[in-house]
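Down below is the structure, laid out as structure tokens.
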Amino acid sequence: MRRFLVWTTLGVLATSLAAPGALNAQGYSVNEHSSCATGRAGTGVASPCSDGSAIVYNPAGLASLAKGAGTFAIGGTFIAPSGNFTDDATGIVSKMNSKVYPVPAVYLTRGLTNTVAAGIGLFAPYGLTTDWPTTSQGRFLGYHTVIHTIYVQPTVAAKLGQRMKVGGGLDVNFAHVQLRQRVDLSTQLVGAPAPPGVTFGNLGIPNGTDFADVNLHANATGIGYHLGLMVEATDRISFGVRYLSRQKVTFKSGNVDISEVSTGILLPASNPFGVPGGTPLDALLASQFAAGGPLTNQTATTALRFPEQWVVGTTLKPTDQLQLFFDVQYTHWEVFKSLDIAFQRLPVVILPENFRNVTAYRFGGQYDVTPATSLRLGYISHDAAEPDGSVVPNLPEGRRSEFTLGVGTRLTNRIHGDVAYQYIDQGDRRGRTVPAGQPDNGLYHFNAHIFGATLAFDF
């Protein structure tokens, strides 16, 4: 009995920690850090918006500030995902919970001299939240997964001549992770005195019997950097490139809270545990969750890799009112090859992930209807970082097409605002709700609506 419970704990934590993913971009990256930029498909490496978000999209863009000019901007992106899983064999559909998730962005910038500017930004380039009911079919792989990263980036930029700008910043990453999962009793080995290889399912315990809930949560800090270059070839053509460095964030001694879930099952007579017929199975299992038992709260240590990004792009200005943007973003997801987990009491586990590198193509446009008001449109296309065989409820990811629109207007001489909308259309993708190594057993459907608003104050 003890043997089965120890291996249950190991399997639960290993599967949970192996499932980081993304809510609204490839892998677990996020690119919506400015409503102005979102309206034009997140483009702007060659011509960032004037709301301070150059700190993210290209730090070199801060050098456009005149001496003594500054901007303070505060904004948020609100993401409303929708998804479900349809089982091949039963046709049963499990639906994600309907929730809205906020992503903050705050920027403060200032021109220090005619050639040097500085600023500080707060944004979230990586993150995820997926939330399913505790009754969903995939709950045994994970029903609630959260990765929050808040980057705080002090930035400096400078002009090098009339047409070249450079910039860079230090990224301090405040990361949080929470992973929740149920455990299916029917799949667990009984152990002595039952014969070897006998599971609770072999004893008649129904498939999908919840008996434990695992909640892992941890915080950590990482350090990285951000670099950018802009070149204005002519008054109507500019080029840009930016680089966001790789980070490895180690979560030390994360809390693992394990609680018993009532099965309501009564054991029959002549059961392999030698207890009278009618004995509640929950009573037999309860000692394993009590002080000194193998399923008491414990700790685990692991690390998440946040990959480097390269973005190159150009801005064309055919007329004084019209701007066209094209960016290509490459994210080096291959750094997430495996996940190593060290438990407080259990053996180290190494899980293969084998994420794939992803290239995203972003097309945007902006038309100045009046000197104070601009309209924006955009389109994004990218593949998935998650390989076949790894599509699970924690990250039901696939190839995506995304459509954006937005509007910006100057409210006063010193205040301007932007709003944006983005729709994510993801193709259905084969995936699983069963443990790794088993074939995909159904189809994931996913889409999302994204709304953004930013208010900027010039001073």
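A few notes on this one:
- Förster radius 35 Å - calculated FRET efficiency between Trp310 and Leu377, Cβ distance, rounded to 0.05: 0.90
- Cut-off under 5 Å, modelled amide H: who pairs with Leu266 long-range: Leu281
- For region 83-97, 3J(HN,Hα) computed residue by residue from phi via the Karplus equation (6.51, -1.76, 1.60; θ = phi - 60°) reads x, 7, 10, 10, 6, 4, 6, 9, x, 5, 10, 9, 10, 5, 5 Hz, glycine and proline entered as x.
- Local electrostatic count at Tyr367 - Lys and Arg +1, Asp and Glu -1, tallied over other residues with Cβ under 12 Å: +1
- For region 422-431, 3J(HN,Hα) per residue [Karplus equation, 6.51 cos²θ - 1.76 cosθ + 1.60, θ = phi - 60°, Hz, x = Gly/Pro]: 9, 10, 9, 10, 9, x, 4, 9, 5, x
- Globularity ratio of region 302-373, using Cα Rg and 2.2 N^0.38 Å: 1.90
- In the chain, lysine pairs closer than 24 Å at Cα, eight or more apart or cross-chain: 6
- Computed FRET value (nearest 0.05) for Leu266 with Tyr330, which takes r as the C-beta separation and R₀ as 45 Å: 0.15
- Solvent-accessible area, 1.4 Å probe, carbon plus sulfur percent, for the chain: 60
- Looking at region 233-373, the pairs of alpha carbons with a distance over 28 Å make up 57% of the total.
- Net length available on complete extension from Asp458 to Ser259 is 66.4 nm, with 0.36 nm assigned per residue and the Cα-Cα distance removed.
- Remark: spin-label model distance Asn215-Leu112 equals 4.6 nm, labels positioned 7 Å along the Cα→Cβ axis.
- Residues of the chain: accessible area per residue with a 1.4 Å probe, Å²: 40
- Cut-off 20 Å (backbone N to label point 7 Å along Cα→Cβ of Thr370), residues of region 399-421: 406-420
- Ala384 long-range amide H proximity, modeled H, under 5 Å: Arg399
- When you restrict to C-alpha pairs under 8 Å that are six or more residues apart and normalise by the size of region 321-459, the relative contact order lands at 18 percent.
- The chain: Cα Rg divided by the 2.2 N^0.38 Å rule of thumb: 1.13
- Cα gyration tensor category, rounded, prolate or oblate, for region 341-427 with a/c compared to 1.5: prolate
- Karplus-derived 3J(HN,Hα), 6.51/-1.76/1.60, for each residue of region 373-383, Hz, glycine and proline x: 10, 10, 10, 9, 9, x, 8, 10, 9, 7, 7
- A crude spin-label estimate for the pair Lys317 and Ile120, with each label 7 Å from Cα along the Cβ direction, gives 3.2 nm.
- If R0 is taken as 35 Å, the Cβ-Cβ distance between Ala233 and Lys337 corresponds to a FRET efficiency of 0.35.
- For the pair Thr199 and Thr134, the difference between a 0.36 nm per residue extended length and the Cα-Cα distance amounts to 21.1 nm.
The values are calculated or read from the model by the stated rules, or taken from the named source; none is laboratory data. Keep in mind the model is a prediction, meaning the values are calculated, not measured. Note that each Cβ is placed from the backbone with ideal geometry, even for glycine, and that neighbours are counted across all protein chains shown. All accessible areas refer to the heavy atoms of the entire protein, side chains included, with ligands and DNA or RNA removed. Shrake-Rupley method; radii C 1.70, N 1.55, O 1.52, S 1.80 Å.
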